[in-house]
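Coordinate-derived values only; no laboratory data. Computed from a predicted model, the values in this text were never measured in an experiment. All Cβ positions, glycine included, derive from the backbone under ideal geometry; neighbour counts span all protein chains shown.
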Amino acid sequence: MLTVVTNVTNEGISSSNAPKLLRMLLDEAQMWYLKIELSAYVEVLEDLRNLCYFLEGDGTDLPFMVGERLNHLAEQYPNGQMKELRSTKKLILEVSSIFVFCVSFYYSNTQASNTNLLLISPLIHRLLIGL
């Protein structure tokens, strides 16, 4: 994604938005946030997208099948609760494990200084300085 946005920026296709997106992607904390948010949008909206594609179909039996498809969609969200978002959960666990590792490193190294933390990663440095 970073390569695509860099090319778009260099070609001047979106002169106002592409540089903003590029800055966000270069910031590790923002990049993780964007990955998680995009993953959640894709997973949640996938069911609605599939329903819309189904409704674009034709055929004489389509009106009779719509109710069944709507029931199937409703069953995926029992009591209006969000279904499990597996890909998004995986990303959240990944960033959480990085954070836990770095926090334990920080606390186990009593000589840790801000200079040492800068070597870890900008995201983790920002998280640990906030402790």
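Give me the distance in nm between label points sitting 7 Å out from Cα along the Cα-to-Cβ direction at Ser16 and Glu94, one decimal.
Once both label points are built, they end up 3.3 nm from each other.
Arranged from highest to lowest average of other beta-carbon atoms within 10 Å per residue, in what order do the peptides 68-78, 23-33 appear?
Working: 68-78: 10.7, 23-33: 14.7.
Ranking the peptides 68-78, 23-33 by packing returns 23-33, 68-78.
So if each residue of separation counts as 0.36 nm, and I subtract the Cα-Cα distance between Arg86 and Arg23, what length gain in nm does that give? Each step should come with its number before you reach the end.
Values: separation 63, 0.36 × 63 = 22.68 nm, distance 2.81 nm.
Roughly 19.9 nm would be gained on extension.
Cβ neighbours within 10 Å, averaged per peptide: list 49-61, 80-92 in order, most packed at the top. Before the final figure, lay out each step's value.
Numbers: 49-61: 9.8, 80-92: 12.3.
Sorting 49-61, 80-92 by mean packing, highest first, produces 80-92, 49-61.
Using a Förster distance of 41 angstrom, determine the FRET efficiency expected from the C-beta separation of Leu34 and Asp61, and round it to 0.05.
Numbers: r = 42 Å, r/R0 = 1.03.
Taking R0 as 41 Å, the efficiency between Leu34 and Asp61 is 0.45.
Please report how far the C-alpha centroid of region 65-90 lies from that of region 6-63, rounded to the nearest whole angstrom.
What the calculation gives is 20 Å, centre to centre.
For Glu68 paired with Phe54, estimate the spin-label separation in nm (one decimal), with each label point 7 Å from Cα along the Cα-to-Cβ line.
It is 0.9 nm.
Go through region 43-58 residue by residue and turn each phi into a ³J(HN,Hα) via Karplus (6.51, -1.76, 1.60, θ = phi - 60°); whole Hz please, and just put x for glycine and proline.
My calculation for region 43-58 gives 5, 6, 7, 4, 5, 5, 4, 4, 5, 4, 4, 4, 5, 6, x, 10 Hz in order.
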